[in-house]
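Report on the structure given below.
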Amino acid sequence: MAIHKASNIEKARALIVIEHPFVASILLRRPFIETREIKTLAVDGKARIYFNPDFVATLTAPQLVWGLCHEVFHVVGQHAVRKGNRDPKKWNYAGDAWINDTLDEAKMGERIPKCIDMPGSKDDTVENIYANLPDNGSGNSDDDGLGDDIYYTDGIGESGKPMTTDEVHEIEGEIKVQIAEAAQAAKMQGKLPGRLADMVADILNVKTPWFEILEKHMVSRVNQGQTWRRKNRRFEVYLPSVDKLPQMGELVVQVDVSGSISKQELAHYNGHLSRIIDQCRPSKVHVLYTDTEVQKHVEFDCGEEMQLEFYSGGGTHMPAGFDFCAEQGIEPDVFVCLTDGYTDFGDDPGYPVVWCISSDVEATHGENIHFDMAD
């Protein structure tokens, strides 16, 4: 006879309260939603937990403890808001690998059979795990069972539409407060293991790398709106249609070639910018090599691999890039300038500008992101 889903969940929650107060503090704030639209368990962008009653009835209490802790760690890791424009299935697989290895070390419940098992993932980041996975997500079949079934849905708000930037920031703030309170409660009970305390500290005191800040800024410019590029077969004319993949408009990357950017820094920029561009899929990338004026202009079409070159020039006047765009009729969605910051910044050109600066100088307009090779 199957265990009634409500008593099963209540028993698992009670065990978590007794044994794992850090998880319990966060779990008990989550609404639980019963649905058969999912196969197992899930958590959405607003940190609401969903469960399939038929699946829950098949688990032992220790297995359900493990499953509920799994969903809570998607919340703790803020995986929904960190996903950006990455492939959802592949990103979820990476998150599952990190979570499952973390749960195994912390001995939280009993592992559910056939779940993703990548030993050592707890010592890595979800971003790195994702980057090292094959494009099909896991390289495994659906026979891995729960590996693909314990998941979170994308960042969806109450209206059913993607969450706004303000909603995301609000949820991030709320979750961080809850994590801090949960850690304090567990610590007072003497049940905050050292590794878990370190993980909490990393989450609460994180210094976000420059390329992650840039990625969030650029991904926010991506849309899945109308395009005129495909001919309507019925009318044999170009009518607006919906892109299959999200895409941003034109991107300008300006490189300060006054001698302030070294070959080592350029190689560092190249790797991170290429990854971000692969996600955002700008319709065109303009690379400007600039000292007191634009010395070289190189264009890359959508899907073409972008590589920055080392180029040495003279003095420094970064607003020259704005003048060049105006003269050439280039209207960028985002203008990214790689510089040491020892330049005048000119006037706001009227489109988003991101200054990636390798010093502590602050630009007078636009977004300031300070670059450090240690990042």
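Throughout, read-outs are computed from the coordinates displayed, never taken from laboratory work. Please read these numbers as outputs of a predicted model, since none were measured by experiment. Glycine also receives a Cβ, built like all others from the backbone with ideal geometry; neighbour counts cover every protein chain displayed.
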Task: For the range 122-129, 3J(HN,Hα) per residue [Karplus equation, 6.51 cos²θ - 1.76 cosθ + 1.60, θ = phi - 60°, Hz, x = Gly/Pro] - done: 4, 8, 10, 9, 4, 4, 5, 4
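Need the full-extension length gain, residue 275 to residue 342, defined as separation in residues times 0.36 nm minus the C-alpha distance. One decimal, nm. Don't skip to the answer; put the middle values down first.
Values: separation 67, 0.36 × 67 = 24.12 nm, distance 2.74 nm.
Value of the extension gain: 21.4 nm.
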Open item on the list: Can you classify the range 6-87 as rounded, prolate or oblate using the Cα gyration tensor, where a ≥ b ≥ c are the square roots of its eigenvalues, rounded means a/c under 1.5, and otherwise it's prolate if a/b beats b/c and oblate if not?
Closed with: oblate
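Please arrange 91, 210 by how many other C-beta atoms lie within 10 Å of their C-beta, fewest to most.
Numbers: 91 25, 210 20.
Neighbour counts put them in this order, fewest first: 210, 91.
Between residue 189 and residue 39, 0.36 nm times their residue separation minus their Cα-Cα distance comes to what?
Numbers: separation 150, 0.36 × 150 = 54.00 nm, distance 3.55 nm.
Answer, rounded to one decimal: 50.5 nm.
For the range 269-368, what class follows from the C-alpha gyration tensor (a ≥ b ≥ c being the square roots of its eigenvalues): rounded when a/c is under 1.5, otherwise prolate if a/b is larger than b/c, else oblate? Mind showing how you got there, number by number?
Details: a/c = 1.39, a/b = 1.35, b/c = 1.03.
Rounded shape, in that the Cα axes give a/c under 1.5.
In which sequence would 287, 252 go, from the one with the fewest C-beta neighbours within 10 Å to the one with the most?
Details: 287 21, 252 25.
The order, fewest Cβ neighbours first, is 287, 252.
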TODO: Would you work out if the range 298-342 is rounded, prolate or oblate? Take a ≥ b ≥ c from the square roots of the eigenvalues of the alpha-carbon gyration tensor; rounded if a/c is under 1.5, else prolate when a/b is larger than b/c, oblate otherwise.
DONE: oblate
Task: Nitroxide proxy distance, nm - points 7 Å out along Cα→Cβ at residue 11 and residue 181 - done: 3.0 nm
Open item on the list: Distance between the C-alpha centers of the range 45-64 and the range 329-375? Whole Å please.
Closed with: 47 Å
- [ ] Would you please state which residues of the range 328-342 a label at residue 217 would reach in this model, taking the label point 7 Å out along Cα→Cβ and a backbone N cut-off of under 18 Å?
- [x] 331-342
Open item on the list: Taking 29 Å as the cut-off for C-alpha to C-alpha distance, list the pairs among 11/46; 107/176; 39/90; 187/216; 11/83; 90/216 that go past it.
Closed with: 187/216; 11/83
Task: q = 0.15, 0.20, 0.24 Å⁻¹: log10 I(q)/I(0) that the Debye formula gives for the range 57-100, counting C-alpha atoms only - done: -0.42, -0.65, -0.82
